[in-house]
1. Considering only residues that are closer than 23 Å to PHE169 by Cα, surrounded by fewer than 18 Cβ atoms within 10 Å (Cβ to Cβ) and among the hydrophobic types (A, V, I, L, M, F, W, C), which ones fall in segment 255-289?
2. So if I check each of LEU51, LEU88, LEU112, LEU55, which one is within 15 Å of the ligand (Cβ to nearest atom) and buried (at least 17 other Cβ atoms within 10 Å of the Cβ)?
3. Restricted to segment 229-246, and to residues that are open to solvent by less than 30 Å² (accessible area, probe 1.4 Å) and more than 15 Å from the ligand (Cβ to nearest atom), which residue is farthest from THR79 (Cα to Cα)?
4. Cβ-Cβ distance below 6 Å, separation of 6 or more or different chains: which pairs start in segment 56-80 with a residue that is under 27 Å from LEU23 (Cα atoms) and in contact (Cβ under 8 Å) with a residue 12 or more places away in the chain and end on one that is surrounded by fewer than 18 Cβ atoms within 10 Å (Cβ to Cβ) and of a type in the set (Ser, Thr, Tyr)?
5. Does ASP22 satisfy the condition of being open to solvent by 30 Å² or more (accessible area, probe 1.4 Å), within 28 Å of GLU285 (Cβ to Cβ) and either modelled with pLDDT under 95 or more than 18 Å from the chain's Cα centre (by Cα) (or both)?
6. Could you tell me which of the residues TRP33, TRP45, TRP80 is assigned to a strand (DSSP E or B) and either open to solvent by less than 30 Å² (accessible area, probe 1.4 Å) or within 16 Å of the ligand (Cβ to nearest atom) (or both)?
7. Note down all Cβ pairs under 8 Å where the first residue falls in segment 296-309 and is hydroxyl-bearing (Ser, Thr, Tyr), the second is surrounded by fewer than 16 Cβ atoms within 10 Å (Cβ to Cβ) and in a helix (DSSP H, G or I), and they're at least six residues apart or on different chains.
8. Looking at segment 142-162 only, could you name the residues that are open to solvent by 20 Å² or more (accessible area, probe 1.4 Å) and within 21 Å of GLU231 (Cβ to Cβ)?
Amino acid sequence: MSSSSSVPDYLRDDDLIQETRDLISSLPSEKGWLVSRMYQFQGRWHTEALLQGILNCQKDFEAQDSDIILVTNPKSGTTWLKALVFALINRQKFPVSSSSGNHPLLVTNPHLLVPFLEGVYYESPDFDFSELPSPRLMNTHISHLSLPESVKSSSCKIVYCCRNPKDMFVSLWHFGKKLAPEHTADYPLEKAVEAFCEGKFIGGPFWDHVLEYWYASRVNPNKVLFVTYEELKKQTGVEIKRIAEFLGCGSIEEEEVREIVKLCSFESLSSLEINREGKLPNGIETKAFFRKGEIGGWRDTLSESLAEKIDRTIEEKFRGSGLKLSC
Ligand code: A3P
């Protein structure tokens, strides 16, 4: 499949199988912010290609009890979480000390170290997940409702990272402008906020995704760990230890925690050549995953009234859930 532009292959739709085309013709569809057309499947909006990836994943992915699956809404800290958990679970194999200059994260973008399930299932159907070293570490944006059955029935672990919606929206806004200018030109900020608040954008609605995993983490705390970008940012070390305990990673020295925090910090990762100059195989530039890495950066982009609109929407959707997100 061609990768000539900066659009990742899993956002293209040239490789659909007939069964998916039939399904797609029966789904609600709309022109969307960020994409020319999107389809509503199991409550969420997808491109045709991502939908194909999700369907393949639902059909073929066999979770193992030792698997670790990182789940996020896009632009919620996926790259960072991948780096942190990769460094954590591989700390015996790849010691994270400032003296060792050959840690994989220093020479490889986190997205290449941790496969993206539905992306791989669309772009590289021949990828052999059984060849990943154990424990297998993978990530997905798939909603809890749409997870492959084996993920739910096995004892694999899910780490879910949520980010405050205004920062997530703004991160997506800038990412979209860079990656898909042709599909954002007719979406001024106000219209994009409208789409976000209606839940009608690729991967939306935000709140269903968050709440499904929030409730799953309440019901089954040994299976799903709920962390937030904001807590990770404020107390990265504490959160690493919480993740380590949840994953049963054994004891971890304070010094190791400090080294992981440092290695995976925004400043450290974003300054590496691989993350400044590199490209993923699908053509996307690695620097697109590192912008500001701040809490509350939405203030530079959103007016008070647009921010309030998002706040009101989320407050209403989260009412009664017990979930409060700081921003
Ligand atoms: P901003 O656009 O607000 O800067 P994802 O990895 O899910 O695509 O999320 C990207 C967001 O995470 C971007 O947010 C990016 O800057 C931020 N990010 C990437 N690496 C980070 C890190 N090591 N620490 C904190 N934030 C990071």
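The values are calculated or read from the model by the stated rules, or taken from the named source; none is laboratory data. In this text the structure is predicted, and so the values were computed from the model without any measurement. Cβ coordinates were reconstructed from backbone atoms using ideal geometry, including for glycine residues, and neighbour counts include every protein chain displayed. In case anyone asks, the SASA skips ligands and DNA or RNA and just uses the protein heavy atoms, side chains included. Shrake-Rupley method; radii C 1.70, N 1.55, O 1.52, S 1.80 Å.
1. Hits for segment 255-289 are PHE266, ALA288.
2. Answer to the check: LEU88.
3. At the first step, the residues of segment 229-246 found to be open to solvent by less than 30 Å² (accessible area, probe 1.4 Å) are 229-230, 232, 236-237, 239-240, 243-244, 246.
Next, from what is left, pick out any that are more than 15 Å from the ligand (Cβ to nearest atom): 244, 246.
Numbers: ALA244: 18, PHE246: 20 Å.
Ranking the qualifying residues of segment 229-246, first place goes to PHE246.
4. GLU62/SER150; ALA63/SER150; ALA63/SER154
5. No: the conditions fail for ASP22.
6. Selected residue: TRP45, the only one of TRP33, TRP45, TRP80 that is assigned to a strand (DSSP E or B) and either open to solvent by less than 30 Å² (accessible area, probe 1.4 Å) or within 16 Å of the ligand (Cβ to nearest atom) (or both).
7. Between residues of segment 296-309 that are hydroxyl-bearing (Ser, Thr, Tyr) and residues that are surrounded by fewer than 16 Cβ atoms within 10 Å (Cβ to Cβ) and in a helix (DSSP H, G or I), the close pairs are THR301/LEU189.
8. Once the filter is applied, which keeps residues that are open to solvent by 20 Å² or more (accessible area, probe 1.4 Å) and within 21 Å of GLU231 (Cβ to Cβ), segment 142-162 yields HIS144, LYS157.
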